[in-house]
Each structure stands twice: as structure tokens, then as C-alpha cells.
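> A single structure is presented below for examination.
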Amino acid sequence: MSIFHELNVPCPSCGTVVEFDAVYSLNADRRPDLRGKILDGSFQRKDCPKCDNEFRLDPELTYVDVGRGQWIG
């Protein structure tokens with residue numbers, strides 16, 4: 001099971017609050033789309049609606065991929 005929490009994070013450039021669905025636990029077997037985002041660098045990354053600065057949340061999650069024998073905390 002993957003676990004998400006909604007967070008309001010200030011943009012590091014202008015301070016505008018940006019809403020994120022932060023991932024706290026990721027089951028890659030059930031959410032291969034999020035595994036793909038990790039691999040392509042777009043995971044938990046957004047553009048600020050005010051200044052267009054692109055930033056991401058620092059990952060703080062548990063990652064489980066049973067099919068590949070991976071567990072990362």
C-alpha cells in the first residue's frame with residue numbers, strides 16, 4: 001500500500017505556498033507510475049504557480065518493490 005499526505009510547502013524562491021501530495025510509503029508493484037517518476041526525476045516535483053520555479057520535496061519515504069526484491073527506508 002502507498003501512503004500519501006497533503007502538504008503545503010513554501011516555494012524556495014518566492015515563498016508562495018504550493019500543495020503537494022507527499023508520498024510517505026510507496027509500493028512500486030502497485031504504483032509503477034511513481035517508480036517511473038523516480039527514475040525519470042519528476043517524482044514529487046512541481047512548478048510554483050507564481051514564479052515558475054521548479055522544485056521538489058526531499059524524499060522521506062519507505063520504498064517497497066517486492067517484484068525486484070527492493071526495500072529502501
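> When only DSSP loop residues count, what GluC sites (Glu not before Pro) in the chain have their Cβ near at most 14 other Cβ atoms within 10 Å?
Passing sites in the chain are Glu60.
> Per residue, how large is the accessible surface of the chain? Use a 1.4 angstrom probe and give square angstrom.
68
> Say each of Asn53 and Asp40 gets a label point 7 Å from the Cα, pointing the same way as Cα to Cβ; how far apart are those two points in nm?
2.6
> Now a separate question. Show the residues, 5+ positions off or on another chain, whose built amide H is closer than 5 Å to the amide H of Phe43.
Excluding prolines and chain starts, which carry no amide H, the hits are Ile38.
> Still on this structure, please answer the following. As a test of the formula, what do you get for the chain when each DSSP H run with n ≥ 4 contributes -39,500 (n - 2.57) and the sum is divided by the residue count, at 222 nm and rounded to the nearest 500 deg cm²/dmol?
For the chain, the value works out to -3500 deg cm²/dmol.
> I've got another one for you. Carbon and sulfur together cover what percent of the accessible area of the chain at a 1.4 Å probe radius?
For the chain, the apolar C and S fraction of the accessible surface comes to 49 percent.
> Let me know the shape class of the chain, please: from the alpha-carbon gyration tensor, a ≥ b ≥ c as square roots of the eigenvalues, rounded when a/c is under 1.5, otherwise prolate if a/b is greater than b/c, or oblate.
prolate
The values are calculated or read from the model by the stated rules, or taken from the named source; none is laboratory data. Since we're looking at a predicted model, the values are computed, not measured. Note that each Cβ is placed from the backbone with ideal geometry, even for glycine, and that neighbours are counted across all protein chains shown. The protein model used for the area step is the full one, side chains on, heavy atoms only, and it has no ligands, DNA or RNA in it. Shrake-Rupley method; radii C 1.70, N 1.55, O 1.52, S 1.80 Å.
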